[in-house]
């Protein structure tokens, strides 16, 4: 099973972004309409929600809508307001001993992986893994703030934004953990997610976001796929969320652990997921090093390192059935 990761630099929204959108839009369109055309909010509602909650992003939203062709359906999708439900696996840790790093695994169905790392300079320079064309699964800005998400393990959905756009908004408008926390606490989200944030001073927080209970701030360094108590037992067992968290929690408490040793553990059981039969496996791992301002995407025996002042456009093909056997295409 092959996956691709393409690293692109998009200084401003334009033709390069449009080509990426056109490639993925048929798949996102099918997902967006999976519950019917009228199941999603109208364009004016979507626009009003961005104006109310993310006004700084409004000019960028207008640019991506225009680049996508200006159609009603694409514009509604790009708002990511009340999208269809979606969920992933994932493990993440805020390593708050120097050198400070946010490390994570992303577990998902390879069929729906966008496979793009972007460096953008829209409101400020950001490097991150793209989702929903202009949202982010994880990322870091030039201020030295990093952010990562995991699904919160709850079936309930409600009124709010899809988490990838929330991630983009935080990195575009915040410079440190206190600002990011304040922003996350006021934004409505449509499903439950665990968002871990770390800045270059070593401050960190994990925010448990929900559509029904409101957000909760925690001092957890580790987040997997539950928010305290297990509410969705079948999902918890399938993803081994408790086991993964207990494993990393024990490592955090060990005074002899180093960042590099923990990072290596993300490529091993129980953190590294190889459930290919269920098409739900670890697609990539990332490490955001905040003192160096570098982003590393890695697999067993293979990695890509990117920096704000040395960002290289490239494409990596990985056979995730046999990690480490791939082909580099520049």
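Derivation of every value follows stated rules applied to the coordinates shown; laboratory data play no part. Just so you know, these numbers come straight off a predicted model, no measurement behind them. Methodologically, a virtual Cβ is constructed for each residue, glycine included, from the backbone with ideal geometry; neighbour enumeration extends over all protein chains shown.
Where only DSSP H runs of four or more residues are counted, the chain gives -8500 deg cm²/dmol as its mean residue ellipticity at 222 nm, each run worth -39500 (n - 2.57). Compute the distance from the alpha-carbon center of region 66-104 to that of region 230-276, in whole Å. That distance is 22 Å.
Evaluated over the Cα positions of region 1-65, the convex hull gives a direction-averaged projected area, one quarter of its surface, of 6.2 nm².
Relative to one another, the C-alpha centroids of region 1-53 and region 157-229 are positioned 22 Å apart.
Between residue 309 and residue 22, full extension at 0.36 nm per residue minus the direct alpha carbon distance yields a gain of 100.4 nm. A straight chain from residue 9 to residue 66 at 0.36 nm per residue would run longer than the Cα-Cα distance by 18.6 nm.
Hydrodynamic radius of the chain by the Kirkwood approach over all distinct alpha-carbon pairs: 19.7 Å. Full extension of the chain between residue 261 and residue 175 yields a length gain of 28.1 nm, computed as 0.36 nm times the residue separation minus the alpha carbon distance. For region 79-158, relative contact order (Cα pairs under 8 Å, six or more residues apart, normalised by length) works out to 25 percent. A simple spin-label model places the labels of residue 292 and residue 97 1.8 nm from each other, with each point 7 Å out along Cα-to-Cβ. The modelled label-to-label distance between residue 111 and residue 217, using points 7 Å beyond Cα along the C-beta direction, is 4.2 nm.
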